[in-house]
1. Share of Cα-Cα pairs in the stretch 297-365 beyond 19 Å, in percent?
2. So what does Arg206 come to for accessible area, using a 1.4 Å probe and Å² rounded to 10?
3. Could you tell me what percent of the accessible area of the stretch 85-142 is made up of carbon and sulfur, with a 1.4 Å probe and every protein chain present?
4. Per residue, how many Å² of accessible area does the chain show with a 1.4 Å probe?
5. Of the accessible area of the stretch 255-296, with the probe set at 1.4 angstrom, what percent is carbon plus sulfur?
6. Report relative contact order for the stretch 163-258 in percent, whole number only (criteria: Cα-Cα under 8 Å, sequence separation at least 6).
7. Among bridges DSSP assigns within the chain, what percent are antiparallel (round to 5)?
8. Students sometimes get this wrong: rank Ile264, Ile86 by accessible area, probe 1.4 Å, all chains present, largest first.
Amino acid sequence: MRTQVGIVGAGPAGLLLSHLLHLRGIDSVVIETRSRDYVEKRVRAGVLEQGTVDTLVATGLGDRLLQEGLVHHGIELRFGGRPHRIAFDRLVPGRAITVYGQQEVVKDLIAARLAAGGQILFEVSDVVPQDISAAHPAISFTRRGERHRLDCDFIAGCDGFHGVCRQAIPDGVLTVFDREYPFGWLGVLADVPPSSPELIYAHSDRGFALHSMRSPSLSRFYLQVSPDEDVAKWPDERFWDELRARLETVPGWHLRAGPVLEKIMAPMRSFVAEPMRYGRLYLAGDAAHIVPPTGAKGLNLAAFDVGVLTEGLAAWYADGSTELLDGYSDTCLRRVWRVQHFSWWMTTLLHTFDDQDGYDRRLQQSHLEYVCSSEAAATSLAENYVGLAHV
Ligand code: APR
Ligand code: PHB
């Protein structure tokens, strides 16, 4: 088997890369260990930055997104018994976010690739990137009991945090930076209309809570809990009680409860591996970096990476120039670190920490008040949240 770019992983990064390359006349094959059904149903966040929406719409993936996506011009920060709106429409005019399940993006991408004759090989196993520092790398894998070898010019490691591509890079090449947070998120999808028109990021002494949504009839909620919390210990009743205690802090505001469709634990981690390239292997998305979900940046960052990689590969195939490919890692890492900082900052601002003393709590309180009362501080949050245009 042969292709130009062998892509490991059919998450948002791998699928979007395959789609963008196709539009530039470059062939790829996507190799995925899971089934199509699993990949399409995996729980993901629900916020798309303006730039991500622009890319999806410009490349023909806007049909359902523009119809079903909910455009939001602000978010609420809730603390101290009051709502505080961060108004994107005033602070960063012309830029907004779109609330659209990221797994819907995955479904749209798979449909588009298959309709265009693209190859996505699901349910493969024992994937091994080979000869990654040579001019002719390959990916070997098992499919339906048979061993295959996919020869290619480049390998894109889009196989997420637990994938094999990053591990294939020799010891000593990568520098790794990481941070584990002393909490996780318990997430619930509920068959009930949202209780507010916009997302609510709520800070309270009991911990952080998030009110989000998927559609006018589906709500999505998250609660800060211990990192190793057992979902089974959260029967629906307990979840709603705790959510009410953290969200119903504003007089007259009530949470609408409804049937719970799904309950999951989401880990909270920050991670970066540098550089994002070794020889002919390019890492993109979660394979190279992870952010906590507080800023909902995971998919947006992955989309940025593969946009940069597409330009580099297109230049190489057009005239053999390596300038853009050589700059891939540095270009991506500039945005990665901006988003690392923003996601860490939002997380630190809004969560409670067991080891916080009175001084820490006063600082946090002051910081929250500053963000909501200073035009400059609110603009900083807003421009990072909708996605910086210039990094
Ligand atoms: N071989 C092939 N595929 C693999 C392998 C392997 N050895 N290991 C993992 N995969 C697949 C996973 O099954 C998954 O489908 O790679 C894919 C990686 O997808 P994600 O983990 O979603 O990573 P990425 O595409 O970088 O997603 C970026 O989108 O929705 C957000 O939170 C999500 O932050 C993430 C972001
Ligand atoms: C979600 O809707 O799943 C969501 C929204 C915002 C976040 C994280 C997750 O910051």
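1. On the way: 1232 of 2346 pairs.
In whole percent, the long-distance tail amounts to 53.
2. Probe radius 1.4 Å; accessible area of Arg206 about 130 Å².
3. Percent of accessible area from carbon and sulfur atoms in the stretch 85-142: 49.
4. Numbers: 16590 Å² over 391 residues.
Per-residue value: 42 Å².
5. With neighbouring chains kept in place, the figure for the stretch 255-296 is 51 percent.
6. It rounds to 29 percent for the stretch 163-258.
7. 75 percent
8. Numbers: Ile264 45, Ile86 0 Å².
Heavy-atom accessible area, descending, gives Ile264, Ile86.
The values are calculated or read from the model by the stated rules, or taken from the named source; none is laboratory data. These numbers come from a predicted model, not from an experiment. Every residue, glycine among them, receives a Cβ derived from its backbone with ideal geometry; neighbour counts consider all protein chains shown. When the accessible area is computed, the model is the full protein with side chains, heavy atoms only, and any ligands, DNA or RNA have been set aside. Shrake-Rupley method; radii C 1.70, N 1.55, O 1.52, S 1.80 Å.
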